[in-house]
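Below is one structure, written out as structure tokens; the observations come after it.
Every number here is computed from the coordinates shown, using simple stated rules; none is lab data. Note that the coordinates shown come from a computational prediction; the quantities given were computed from them, not determined experimentally. Quick reminder, even Gly has a Cβ in these numbers, built from the backbone with ideal geometry, and neighbours come from all protein chains shown.
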Amino acid sequence: MSKSGRLLASLLVGLGLSSTAQAADPIKIGVIASYSGPYADYGRQFDMGMDIYLKEHDGKIGGHPVEIIRRDAPGAAPDVAKRMAQELVVKEKVNFFAGLDFSPNAYAVGAIATQAKIPTIVMNASSSGIPTKSPYVARVSFTVEQVSAPMAKWAFNQGIKSVYLIAADYGPGHSAESAFEKAFTAAGGTIVGKVRTPMSNPDFSAYIQRVKDEKPEAVFFFFPSGVLPPAFLKTWKERGLDEDGIKLIATGEATDDSYLEATGDVALGLITSHHYSRAHDSALNKAFVKATKGYYNGELAAGYFSVAAYDGLAALDMALQKTGGDIDPDKVMEALKGLKFESPRGPIEIDAETRDIIQTVYIRKVERVDGELVNVEFDKFDAVKDPGKE
């Protein structure tokens, strides 16, 4: 154990931190996410989803009142996330960790979760290996590989045989690139070129010119949701690649519901693969979307971050119901394994072996419906596991 690990362990013993609680005792959930900076909407999405669930359930999960304690770790900041996690354990005595929008942060917090035996619900971070690094981590969001591989299979089935890959140069971008390439070439397709772009202020003109010169049948791209996809789509349109007959496909980060209106008409017609659309046609999702309308003066639409936060509390609630309200960390983690329930996104399950999410991956197209840009689902892959663990 590292020096910092021994220090944390000794502090826990010295404080007499206990995982036991009476049925009516409040439980504390430490949420670590971006609450400032360019990704501050991620934290707001988490808050919205959790608040909706708690309002629907009288502020309780598993019979316990809930206290949410937030910590700001903006962007990919593992050192900050680790420090916040230590503080939440030692000073706030939290019973659970949740949130975690960026994968490096989730890995860092997972190490603390292991030392302190804190059950942790990952509500977004999408690197495949996160649950493998700690027995106290379960994920209710998705993995990059889980949504990228189905897009490759779908594209090949549509007769696309050559694809150029463009991805942001960071962990999830690399994962999306490799997952798509593996599935596409296994089906018989050819990758004719690939490029990785910087995360900060990239000029997409040169990259798109390479595509124009290569003349592939299609381009698959991956960027984190937020500022990069609109910039890429704008340059794509300006360079006229649609007129050249080159198809464009992506994962759902490119058309995140919470950013779609700001992205604008440059997104129209884009086909993506993902696990949630606020246009998903179910009674549960319609109720969820309706519940989000009053938040932040209507400026933040329901998105996959908020749905995962909603589902994260639902999973904890069901696990605690199975334990009879006992918050012993090992009992909670065991109760999370194999949970199945209906989410606003559709049916989901926490894999009993990997503690990772199993869910439907939808193929969607951006359309304007009743004056709003939405991802309209038109095809799907059922019960998709994370290909990164196969």
- [ ] Just add up the charged neighbours of GLY188: K/R +1, D/E -1, any other residue whose Cβ is under 14 Å from the Cβ of GLY188.
- [x] +1
- [ ] Show which aspartates and glutamates lie in cross-link reach of LYS286 when reach means a straight Cα distance below 16 angstrom and same-chain residues fewer than eight apart are skipped.
- [x] GLU56, ASP257, ASP311, GLU342, ASP370, GLU372, GLU377
Task: Column: log10 I(q)/I(0), Debye, Cα scatterers of the chain, q = 0.07, 0.14 Å⁻¹ - done: -0.31, -1.17
Open item on the list: Which residue fluctuates most in the GNM of the chain (Cα springs below 10 Å): ASP72, ASP370, ASP330?
Closed with: ASP370
Task: Most to least packed among 56-65, 276-285 [average Cβ atoms within 10 Å] - done: 276-285, 56-65
- [ ] May I ask which of LYS237/LYS293; LYS93/LYS290; LYS28/LYS337; LYS182/LYS212 have a Cα-Cα span longer than 26 Å here?
- [x] LYS237/LYS293; LYS93/LYS290
- [ ] Quick one: among ALA98, ALA314, ALA291, which has the greatest mean-square fluctuation in a GNM of the chain with alpha-carbon springs under 10 angstrom?
- [x] ALA291
Task: For the stretch 239-247, 3J(HN,Hα) per residue [Karplus equation, 6.51 cos²θ - 1.76 cosθ + 1.60, θ = phi - 60°, Hz, x = Gly/Pro] - done: 7, x, 6, 4, 5, 6, x, 8, 7
TODO: Could you compute the FRET efficiency for ASN297 and ALA186, with r as their C-beta to C-beta distance and R0 at 30 Å, rounded to 0.05?
DONE: 0.05
TODO: Taking 7 Å along the Cα-to-C-beta vector as the label spot, tell me the LYS365-LYS133 distance in nanometres, rounded to one decimal.
DONE: 4.0
- [ ] Could you rank the peptides 383-389, 293-299 by their average count of other C-beta atoms within 10 Å per residue, with the highest value first?
- [x] 383-389, 293-299
TODO: State, as an integer percentage, the relative contact order of the chain based on alpha-carbon contacts under 8 Å between residues 6 or more apart.
DONE: 18
Open item on the list: How far apart, in nanometres, would the label points at GLU243 and ASP25 be if each is projected 7 angstrom from Cα along the Cα-to-Cβ direction?
Closed with: 6.9
Task: Ordering of 219-229, 240-250 by packing [mean C-beta count within 10 Å, highest first] - done: 219-229, 240-250
Task: R0 of 41 Å, Cβ-Cβ distance ARG210-PHE341: FRET efficiency to nearest 0.05 - done: 0.35
Task: Distance in nm between pseudo-label sites at GLU372 and ASP265 (7 Å out along the Cβ direction from Cα) - done: 2.1
Open item on the list: Given R₀ = 22 Å, what would the calculated FRET efficiency be for SER36 paired with GLU67, taking r from the Cβ atoms and rounding to 0.05?
Closed with: 0.50
Task: Taking the C-alpha atoms of the stretch 167-225, convex hull volume expressed per residue in Å³ - done: 78
Open item on the list: Between ARG364, ARG71, ARG83, where does the largest GNM mean-square fluctuation fall for the chain, given springs only between Cα atoms within less than 10 Å?
Closed with: ARG83
TODO: Calculate, in nm to one decimal, what LYS234 and GLN158 gain on full extension: separation in residues at 0.36 nm each, minus their alpha carbon distance.
DONE: 24.8 nm
